[in-house]
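Laboratory data are not the source of any read-out in this text; all were calculated from the coordinates shown. These figures come from a predicted structure and were not determined experimentally. Heads up, the Cβs are rebuilt from the backbone with ideal geometry, glycines too, and the neighbour counts pull from every protein chain shown.
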Amino acid sequence: MTKGIRRQGRELALKIIYSFPDQQRDISVILDEFWTNFRFRDDLLGEAVEDDAEGQPPELVRQFAERIASGTYQQLSAIDEKLRDSSRNWSLDRMSRVDLALLRMGAYELLFCADVPTSVAINEAIEIGKRYGTRETPGFINGILDRIGRDRSGGT
């Protein structure tokens, strides 16, 4: 899977994670609603890709987005606990929704995706944060995910 496909998948996953209303609904319902209402061609992600006749993303992009969003949803309690432990002087309620969605996505990859290198998980969240967050988002995301990444690699 190319970096372009993964970046686009992560950007879509961010939008899905951002839209999580609560954990009272099944992830398949959330995904179905997202894909029904989302039009890929109306949401340029910075890289040229083909969409289908209905404006949906390529299948590989969609599969990767669903992998990240579903995994994040299923592990949300563990992810939020780790974020609370790693975010000094910040409660999750005080974080912007975009920053929290980015942190959840990055933490999911750090904690549950052994195939994603630590530096890639952190850098991707930072880069996507530059696009969707505020000026402070990249540094904020880096600080928290770096703490989680150090725990992942045994403090090195």
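Summary of computed values
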read-out: Burial order of peptide ranges 87-93, 29-35, 70-76, 109-115 (average beta-carbon count within 10 Å, highest first); value: 70-76, 109-115, 29-35, 87-93
read-out: Table column - 3J(HN,Hα) (Hz), segment 141-150, Karplus curve with 6.51, -1.76, 1.60, x for Gly and Pro; value: 4, 4, x, 6, 5, 5, 4, 5, x, 5
read-out: Contact order normalised by residue count of segment 75-156, Cα under 8 Å, 6+ apart, percent; value: 32 percent
read-out: Protection proxy ranking of 141-148, 5-12 - average other beta-carbon atoms within 10 Å, highest first; value: 5-12, 141-148
read-out: Local electrostatic count, ASP151, Cβ distance below 11 Å [Lys/Arg +1, Asp/Glu -1]; value: +2
read-out: At 1.567 mPa s and 4 °C, Stokes D of segment 75-156 from Kirkwood alpha-carbon radius, µm² per second; value: 105 µm²/s
